[in-house]
Amino acid sequence: MEISTLFIGLILSLGLCELNSALALNGSGDGLKESAELTEDRTVAGFSTEASSDKCKLQGSTRLPAFSMDGDYVIGGVFSIHSYMHTVKQNYTTKPEPLKCTGSIDSRELRFSRAMVFAIKEINNSSELLPGIKLGYQIHDSCASVSLAVHVAFQLANGLDPVFYTADNCSQSGIVMAIVGESGSTPSISMSRVIGSFNIPQVSHFATCACLSDKQQFPSFFRTIPSDQFQADALAKLVKRFGWTWIGAVRSDSDYGNNGMASFLDAALKEGICVEYSESFYRTHPHSRIQRVADVIRRSTALVIVAFTAPGDLKILLEELSREPSPPRQWIGSEAWVTDPDMLRFSFCAGAIGFGIQQSVIPGLREFLLDLSPSKVAASPVLTEFWEDAFNCRLGESAATDEIVCDGSEDIQTLQSPYTDTSQLRITNMVYKAVYAIAHAIHNAVCQDANSTTQCDKITRIESKQVLHQLRKVNFSQNGYDVLFDANGDPVATYELVNWQKSESGSIELVTVGYYDASLPVGQEFRINRNLTWVEGGTQVPMSVCSDSCTPGTRKVLQKGKPVCCYECIPCPEGEISNVTDSPDCFPCPKEFWPNAERDTCFPKPVEFLSFDEVLGIILAAFSVGGACLAIITAAVFFHHRTSPIVRANNSELSFLLLFSLTLCFLCSLTFIGAPSEWSCMLRHTAFGITFVLCISCVLGKTIVVLMAFKATLPGSNVMKWFGPPQQRMTVVSFTFIQVLICTIWLVVSPPFPMKNLTIYKEKIILECALGSAIGFWVVLGYIGLLAVFCFGLAVLARKLPDNFNEAKLITFSMLIFCAVWITFIPAYVSSPGKFTVAVEIFAILASSFGLILCIFAPKCFIILFKPEKNTKKHLMNKNQSKDI
């Protein structure tokens, strides 16, 4: 809004020649008469037109250039030689005074302007570039003011002639072919909006605002310095490279600072960098505003500060920070201030890093800058002011009585000033290249190469539009520096990485520590070849994070209401890991893997099964082998006393078969121990089912024999002929065959198989035998239980039968134990986890087997071995002694 208002005022005060030219109507008298009819003396676009004449008179006062020289083609220059403009409150009753600059001269900007003079002088002495043509220049001081920069832009577009004749084309009154400048982005924007309408090219050496790359708004703007878009991306990558995710940001409240910081913040967001604060200020703001920004910096927790500011602005802020020491901060600077030698006096910013335009060498420039004598200085008001400020004296007769007069002994060779410091020519080279780019454009417009010679036509006037067209196509090298522009008028973006380092003398020096090339592939843009010095002279990269990094094994959880860089680290859930730092998520391990204690690596789960190596397996195997040995010993005792009455009276054939089956029952429990395999899984269940049916069938046969023997003693009974030894064998075989048939069907349809059980325990694998068909397993088990219950029922019926040979009581106790064991086995089997399921099954087999052998055979072996007197037929036939058995 302010700039638009300013434009209207300047148009009214200075005017646009194009409008005046339209009024002239190519010198036609009709146009003048028509104007005269409207008013005798009318002002159009800042020019007064008189009815009695065909001329336009410029309204307002012209501004004398700081440096000027006539030539065949004139190049304009605009530099901020002064930093401030004197402001006067207007009363709108008198004519405004001309704009004036105040403050001391910026020696660096003075060097820029003098470098332009040097480049033009060098071109005029060249026999290859514009031979026979003399370039002139008009270099103005904009005082870093937008209004003054616009004023100068209008003046350069119009020319210095106070009167324009309508017979001529007003647009040709200004002979400036192009303009070098301005140094600041905001003045450059304002200038470009003015001169762009006249197709006058503008080549800036220091205006880096990315907005100026918009060719729709600024079609005639070029620059030799890279756009801030490249610098913003580079700064974000630099911050990311050193691991800083928590930063503060300050910027100039100008087009340069606001646009540059906006580009940086966008790039920082993509890199995952968080900004604690973003403050803007300007050197003309009230002191309270500057103080508030300084207080924000002092209170902040971010160690790193990215400053996208102009040198003059940051100087005010650093002076405020120096009044009250603040915690040390790592400064990251934009090119505008981080390479400014005048800023190096702020020693508490030692360790600052940033990007700078590559250093260069311009032969002969230093000699030209130092070629100042009092007579040359006196001819220029700007040089006079510089000379007097530098040597603290007054030239000529203007000195007051109490002031020191310059006596000619002043030696500029000894002057320590940015003007004389050519050790690190950066922006100065951008001015140098800008002048040469314009010269090459003019050369291509007016010169022709023929027969190895160059012929230039300086008689035919060219328009600035032609220079603009040629400027888009320039591509040359000067002193080893390539000069060309892309479609946006920008050069190739390359930077030096500079670091403020303390020298041995204690002063701050600007040291180049690396390079950045935006044209290289992602991740390869940086090349750092020297050690960096950090805040407070440290050699280790400082940390600037809102939250410490989350170690592997944890994940980041954002804190509500805080930036994404502020988070908490929580351990990964059970079964999940994170193996990188600052992982946003944890991921589960594969099915057969489990995290380690730190939860940063997945390891294979341990495989668990009941083995012969562990205590439980050894104990169960020992009992299994012991039980088998006990059965064999019992069989040996029975065989040795096979003719004794007690063995013969208890159906020795079934007894031996029962002992054999018990031996198999004890041994089959061994198949349950060890790593399951396909064959062991099928064997363990079928062997268990068949041997136990064989065992129960024998017990059942013995029980039936007892009952039938009692029935046979009744008068007229011949039942024993139907249940003799052949029938007993057939009974055992039949019952066992049924189990064999059930097991066969089970194995054919869906046999047991080894499997890895991953559900019981999350952290380990249980290697077990799957049942295959659960129906098959429970049918096998149910058939054993059915026989056991049937046998138990018959034994109960026969328990009170007389005679000592009756072993029904012993069978009753044994079957009672058997049934109790297997009834408790079912819930224990179902509820036992992992390898304990197998252990419960083995325990049930052993317990029931020991119950059978101890209840049925232990009393008989005791009589045989220790009570032989009772092992007689007489004793067995004595009914009164039945209680002894």
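Summary of values
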| quantity | calculated |
| --- | --- |
| Amide H contacts under 5 Å for Ser360, placed H, 5+ residues apart | Leu425 |
| Region 272-368: equivalent-ellipsoid semi-axes (sqrt of 5 x gyration tensor eigenvalues, Cα, Å) | 27, 16, 12 |
| Share of alpha-carbon pairs per 10 Å distance bin for the chain, given as whole % | 2, 10, 14, 13, 10, 6, 5, 5, 5, 6, 6, 6, 5, 4, 3, 1, 0, 0 |
| Computed E for Thr759/Arg241 - FRET, C-beta separation, R0 35 angstrom, nearest 0.05 | 0.15 |
| Positive-pole candidate from Ser188, Pro754, Phe813, dipole of the chain, charges at beta carbon | Phe813 |
| Rounded to whole Hz, the Karplus (6.51, -1.76, 1.60) HN-Hα couplings of region 218-224, x for glycine and proline | 10, x, 10, 9, 9, 7, 9 |
| Using alpha carbons only: equivalent-ellipsoid semi-axes of region 427-466, gyration tensor based, whole Å | 23, 14, 7 |
| Formal net charge of residues neighbouring Val513 (Cβ-Cβ distance under 13 Å; K, R +1; D, E -1) | +1 |
| Under-5 Å amide H pairs with Gly77, H placed in peptide plane, nonlocal only | Gln138, Ile139, His140, Val180 |
| Residues Arg366 and His469, FRET efficiency given R0 of 35 Å [Cβ-Cβ distance, rounded to 0.05] | 0.45 |
| Rg ratio (alpha-carbon, reference 2.2 N^0.38 Å) - region 608-693 | 1.32 |
| Burial ordering of Asp600, Asp228, fewest other beta-carbon atoms within 10 Å first | Asp600, Asp228 |
| Cα pair count fraction exceeding 15 Å, expressed as % - region 554-604 | 44 |
| DSSP beta bridges in the chain [antiparallel fraction, %, rounded to 5] | 60 |
| Length-normalised contact order for region 554-604 - Cα pairs under 8 Å, 6+ apart - percent | 32 |
| Listed residue pairs exceeding 30 Å between alpha carbons, taken from Lys215/Lys433; Lys835/Lys860; Lys556/Lys591 | Lys835/Lys860 |
| On Cα atoms only, tilt of 107-124 relative to the major axis of the chain in degrees | 70 |
| Cleavage-rule hits (trypsin sites (Lys or Arg not before Pro)) in region 63-107: DSSP loop, at most 11 neighbouring Cβ within 10 angstrom | Lys89 |
| Segment Ser507-Phe737, length gained on full extension (0.36 nm per residue, minus Cα span) | 72.2 nm |
| Residue-span extension gain [Val749 to Val296] - 0.36 nm each, minus C-alpha spacing | 155.0 nm |
| For region 851-861, 3J(HN,Hα) per residue [Karplus equation, 6.51 cos²θ - 1.76 cosθ + 1.60, θ = phi - 60°, Hz, x = Gly/Pro] | x, 5, 6, 6, 6, 8, 9, 4, x, 5, 5 |
| Spacing of the two label points (7 Å from each Cα toward its C-beta) at Ile528 and Leu64, in nm | 5.3 |
| All-pairs alpha carbon distance profile, region 526-654, 10 Å steps from 0, percent | 10, 17, 14, 14, 9, 8, 9, 7, 5, 4, 2 |
| Nearest-ten-degree value, helix 29-38 long axis tilted from longest Cα axis of the chain | 80 |
| Loop chymotrypsin sites (Phe, Trp or Tyr not before Pro), region 535-631, which have at most 16 other Cβ atoms in a 10 Å radius of their Cβ (DSSP) | Phe612 |
| Rg/Rh for region 176-313, where both radii come from Cα atoms and Rh is the Kirkwood radius | 1.04 |
| Reach of Lys237 by Cα under 17 Å, taken over aspartates and glutamates that are not fewer than 8 positions away in the same chain | Asp228, Asp266, Glu271, Glu335, Glu496, Asp517, Glu525 |
| Overall Cα dimensions of region 331-372 - principal axes, largest extent first, Å | 37, 20, 14 |
| Relative contact order [Cα under 8 Å, 6+ residues apart], the chain, whole percent | 8 |
| Cut-off 12 Å between beta-carbons: net charge of the residues surrounding Pro604, Lys and Arg +1, Asp and Glu -1 | +2 |
| Reach of Lys376 by Cα under 15 Å, taken over aspartates and glutamates that are not fewer than 8 positions away in the same chain | Glu367, Glu385, Glu388, Asp407, Glu410, Asp411 |
| Virtual spin-label span in nm between Leu865 and Glu614, 7 Å along Cα→Cβ | 3.5 |
| Modelled FRET efficiency - R0 25 Å, Ala597 with Ser831, Cβ distances, 0.05 increments | 0.25 |
| P(r) of region 289-435 over all Cα-Cα pairs, binned every 5 Å from zero, in whole percent | 2, 8, 14, 15, 14, 12, 13, 11, 8, 4, 1, 0 |
| Listed residues Leu664, Val474, Gln448: farthest to the positive end of the dipole of the chain (Cβ charges) | Leu664 |
| Helix-only mean residue ellipticity at 222 nm for the chain, each DSSP H run of n ≥ 4 adding -39500 (n - 2.57), per residue, nearest 500 | -14000 deg cm²/dmol |
| Which of Val467, Val607 has the fewest Cβ neighbours within 10 Å, and the rest in rising order | Val607, Val467 |
| Low-density loop positions, GluC sites (Glu not before Pro), region 507-598 - DSSP coil, at most 15 other Cβ in 10 Å | Glu574, Glu592, Glu598 |
| Long-range HN-HN contacts of Trp594 with modeled amide H, under 5 Å | Phe603, Lys605 |
| In degrees, nearest ten, helix 615-640 long axis to first principal axis of the chain (Cα) | 20 |
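Every number here is computed from the coordinates shown, using simple stated rules; none is lab data. Quick caveat, the model's predicted, so the values are computed rather than measured. As a convention, Cβ positions derive from the backbone with ideal geometry for all residues, glycine included, and neighbour counts pool all protein chains shown.
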